1. Which members of segment 6-53 meet the condition of being open to solvent by 70 Å² or more (accessible area, probe 1.4 Å), under 15 Å from R236 (Cα atoms) and either out of contact with any Phe, Trp or Tyr (no Cβ under 9 Å at 6 or more places or on another chain) or not in a helix (DSSP H, G or I) (or both)?
2. Considering only segment 62-82, how many residues are modelled with pLDDT of 90 or more and either within 15 Å of Q176 (Cβ to Cβ) or crowded, with 17+ Cβ neighbours inside 10 Å (or both)?
3. Please work out which residue is most open to solvent (accessible area, probe 1.4 Å), limiting yourself to segment 237-291 and to residues that are farther than 16 Å from W108 by Cβ, of a type in the set (V, I, T) and within 29 Å of the chain's Cα centre (by Cα).
4. Hey, can you tell me all the residues within segment 91-107 that are out of contact with any Pro (no Cβ under 9 Å at 6 or more places or on another chain) and outside any strand (DSSP E or B)?
5. Report, by residue number, each residue of segment 108-131 that is open to solvent by 70 Å² or more (accessible area, probe 1.4 Å), part of a helix (DSSP H, G or I) and at pLDDT below 95.
6. Working carefully through the options L56, L92, find the one that is at pLDDT 90 or above and either of a type in the set (A, V, I, L, M, F, W, C) or open to solvent by less than 40 Å² (accessible area, probe 1.4 Å) (or both).
7. Assigned to a strand (DSSP E or B) and open to solvent by 90 Å² or more (accessible area, probe 1.4 Å), is that true of Y217?
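The values are calculated or read from the model by the stated rules, or taken from the named source; none is laboratory data. Just so we're clear, the structure is a prediction, and the values are computed from it rather than from any experiment. All Cβ positions, even for glycine, are placed from backbone atoms using ideal geometry, and neighbour counts span all protein chains on display. Side chains included, ligands, DNA and RNA excluded: accessible areas come from the protein's heavy atoms. Shrake-Rupley method; radii C 1.70, N 1.55, O 1.52, S 1.80 Å.
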Amino acid sequence: MLNDLNAMLYEEKPSHQLYHYTSIDSLLSIVKDKTLWATELKYLNDSQEFRYFAELMRQKTLVYDALSNGADKDATNQLRSWIRDWFVDGTLVFTTSFTEKGNVLSQWRGYCEHGKGVSLGFDPSAIVNCADQASFNLGRCIYDGKRHDFLAMEVVNRLVKAAVENGPDATKHVSQCYYDTFEEAAADIIRIAVLTKHPAFEEEEEWRCVSQPVKNYVEAPIEYRAGRVSLIPFIRFPLPVINDALAIQTAIVGPSPSPELAFNGIARFLSKYAATGQQRSIVACQIPYRA
């Protein structure tokens with residue numbers, strides 16, 4: 001019921017180089033393994049990103065509820081309850097991020113260990129190909145509040161109408177008799193939510209590679225790393241390769257207390273271990289380091 005919305009959101013393809021910010025510690029494993037770690041959506045550094053679209057939907061159910069009655073009102077109330085539970089136990093989706101801006105101070109601060117950052121630039125068509133081969137979808141994040149409101153209201157409208165058309169499930173408790181309809185759309189809702197970011201982050205110009213929804217977390221190729229308060233699930237996203245080496249177009253060395261040492265170390269490392277079958281530039285960011 002939401003296929004056309006997802007198709008619209010993911011149809012655009014990037015035309016500019018795509019950058020991934022990381023720490024120099026992670027750089028070593030990225031170049032060695034030629035993959036990025038795609039983190040499960042609810043475990044991103046800012047979990048409010050996922051809550052953002054869920055809260056928009058909840059607000060729209062209140063609007064819809066005020067204008068509805070009968071079965072529509074019952075379905076709307078159940079949808080609001082389902083949204084609350086969906087954030088905690090919903091279908092798993094994994095994502096990794098790129099941006100069209102490879103040298104932005106807020107990005108260095110937000111996504112790199114202080115004084116130990118690097119931004120890796122990739123050919124956009126190569127990233128699209130990697131996404132296709134790994135069954136990921138690449139989409140540009142949306143920062144427009146009006147589009148957010150439209151998407152949230154459209155999703156709520158369609159879910160309520162579908163629930164009423166399908167009718168209540170007599171085998172379920174009366175308070176959850178429409179849940180099956182919502183569950184059928186859960187994967188599509190998450191794929192919309194992952195591209196919907198608060199307007200305050202517009203400067204990032206982020207693109208996200210989004211996995212297919214994962215329901216069986218035992219059989220899926222999920223790995224785990226230690227986080228501050230929990231184990232964080234991730235799956236690997238393959239990066240472009242030339243002659244069995246990571247195909248980097250550009251590397252920008254971030255602000256550092258020792259800029260010459262940082263630059264020389266990264267430049268020599270990439271010259272030895274990254275792909276040499278294409279022209280590549282390694283540059284310093286030129287942003288002063290502040291302790």
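1. Passing the criteria: only W37.
2. Selection size over segment 62-82: 9.
3. Step by step, filter segment 237-291, then rank; the result is V241.
4. Listed by number, the residues that qualify are K101, G102, N103, V104, S106, Q107.
5. Those that are open to solvent by 70 Å² or more (accessible area, probe 1.4 Å), part of a helix (DSSP H, G or I) and at pLDDT below 95: R109, Y111.
6. After applying the criteria, what remains is L56.
7. Against the criterion (assigned to a strand (DSSP E or B) and open to solvent by 90 Å² or more (accessible area, probe 1.4 Å)), Y217 does not qualify.
Conditions tested, residue by residue: (1) free of Cβ contacts under 8 Å to residues at least 12 places away in the same chain; (2) under 27 Å from N137 (Cα atoms); (3) out of contact with any strand residue (DSSP E or B) (no Cβ under 8 Å at 6 or more places or on another chain).
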site: L195; (1), (2), (3): no, yes, no
site: A200; (1), (2), (3): yes, yes, yes
site: E206; (1), (2), (3): no, yes, no
site: N216; (1), (2), (3): yes, yes, yes
site: P221; (1), (2), (3): no, yes, no
site: R236; (1), (2), (3): no, yes, no
site: L239; (1), (2), (3): no, yes, no
site: E260; (1), (2), (3): yes, no, yes
